[in-house]
Structures are given as structure tokens and as C-alpha cells.
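Please read the structure below before turning to the comments.
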Amino acid sequence: MITASLVRSQSTDDGTFGKFTLSTGESWCCLELPWKDNHPQTSCILPGPGDTATYTVKTINSPKHGNPTYQVQDVPNRSMVEIHSANFAGDESKGLHCQLLGCIALGKSIGILEDQQALLNSKVAVKEFMDILNGEVFELTISWDK
């Protein structure tokens with residue numbers, strides 16, 4: 001079984017950036033909402049600072065992102081946590097651009113778009129990810145860089 005790790009490197013008002021790596025060796029940059037105590041639609045998912053969490057991830061037919069879309073299963077107090085393309089995950093209460101509601105976005109690099117730190121070439125990265133996994137269920141471990 002393929003496994004994956006998401007290692008978060010920083011969480012700012014622009015979002016939570018990190019690296020998403022498969023046990024097969026492929027990796028991408030990733031982006032989530034800023035950490036705000038796991039509050040639905042405004043925070044990245046558990047773990048909070050200092051913790052590690054492991055989730056099963058499987059494909060679903062997403063009403064918003066199509067079929068197939070990978071969904072992180074059994075996230076406490078959350079639903080529909082998907083892996084899809086996006087560029088922005090900023091804190092909307094501070095006037096920043098945001099395209100996520102608690103999901104995980106993959107990209108090829110991190111840069112600046114519209115004066116905000118953002119994930120770049122996200123659609124390309126998600127296609128690569130989907131092609132490699134080809135619908136296979138996997139385990140995802142999320143942690144913070146130490």
C-alpha cells in the first residue's frame with residue numbers, strides 16, 4: 001500500500017504551506033488554511049502544533065470537484081476534506097484570497113500571485129498525483145516540521 005506524508009512548514013495568514021510526499025518518492029508543495037484550532041471552513045485539519053495524525057484517504061465522487069476526487073476520511077469535527085487544486089488559502093477575515101474550505105491543495109511550487117503567497121501550477125500537480133495513485137486507497141500522516 002502506498003502511504004503519504006504531509007509535513008507542514010509554516011502557518012501564516014496566507015495559509016499553511018508544506019510538502020506532500022508519497023512513499024513512491026514523488027512529492028509536491030501543499031497548501032491548507034491557516035491553523036485556527038480545527039474550526040470548520042477556517043482552519044487546516046488536525047494535528048495542531050506539535051501533534052501527528054494519520055488518516056485513510058480514498059476516492060469519492062465529489063459534487064464540487066468531480067469523480068474521482070480524494071477525500072481524507074474520519075477527520076474529527078470535519079467533513080468533505082478533499083485533495084484538489086487551488087492557489088490561495090488566505091485568511092478571508094483579513095481580506096486575503098482563499099479557495100479552500102478546509103481541504104488540501106497540491107502544487108508544483110510556492111510563489112506570489114496577486115501580492116499574496118500562493119501555490120503555483122496546482123492543476124498540473126493534482127493531475128500527476130491522480131495519475132500515480134490511480135484510485136488506490138492510501139494512508140496520510142500529517143505533522144509539523146520540527
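Which of the residues spanning region 86-121 are over 22 Å from Pro47 (Cβ atoms), in contact (Cβ under 8 Å) with a residue 60 or more places away in the chain and within 12 Å of the chain's Cα centre (by Cα)?
Matches in region 86-121: Phe88 only.
Sort through Thr42, Thr69 and tell me the only one that's surrounded by 16 or more Cβ atoms within 10 Å (Cβ to Cβ), out of contact with any helix residue (DSSP H, G or I) (no Cβ under 6 Å at 6 or more places or on another chain), among the β-branched types (Val, Ile, Thr) and over 18 Å from Val126 (Cβ atoms).
Thr42
Give the residues of region 46-98 that are modelled with pLDDT of 95 or more, of a type outside the set (D, E, K, R), part of a loop (DSSP other than H, G, I, E, B) and under 24 Å from Ser109 (Cα atoms), sorted by residue number.
Those that are modelled with pLDDT of 95 or more, of a type outside the set (D, E, K, R), part of a loop (DSSP other than H, G, I, E, B) and under 24 Å from Ser109 (Cα atoms): Ser85, Ala86, Asn87, Phe88, Gly90, Gly95, Leu96, His97.
Quick check on region 64-71. Is at least one of its residues on the phi > 0 side of the Ramachandran plot and of a type in the set (Gly, Ala, Ser)?
yes
So, in region 1-38, how many residues would count as being assigned to a loop (DSSP other than H, G, I, E, B) and either of a type in the set (Lys, Arg) or closer than 16 Å to Gln99 by Cα (or both)?
Here the count works out to 6.
As an exercise: evaluate Val124 against (1) more than 25 Å from Thr54 (Cβ to Cβ); (2) hydrophobic (A, V, I, L, M, F, W, C); (3) not in a helix (DSSP H, G or I) and give the number of the one condition it does not meet.
So the condition that Val124 fails would be (3).
Would you pick out the residues in region 99-115 that are outside any strand (DSSP E or B) and not charged (D, E, K, R)?
Scanning region 99-115 gives Gln99, Leu100, Leu101, Gly102, Cys103.
Looking only at region 10-41, which residues are of a type in the set (Ser, Thr, Tyr) and at pLDDT 95 or above?
Of everything in region 10-41, those that are of a type in the set (Ser, Thr, Tyr) and at pLDDT 95 or above turn out to be Thr12, Thr16, Thr21, Ser23, Thr24, Ser27.
The values are calculated or read from the model by the stated rules, or taken from the named source; none is laboratory data. Computed from a predicted model, the values in this text were never measured in an experiment. Every residue, glycine as well, gets a Cβ built from its backbone with ideal geometry; the counts of neighbours run over all protein chains shown.
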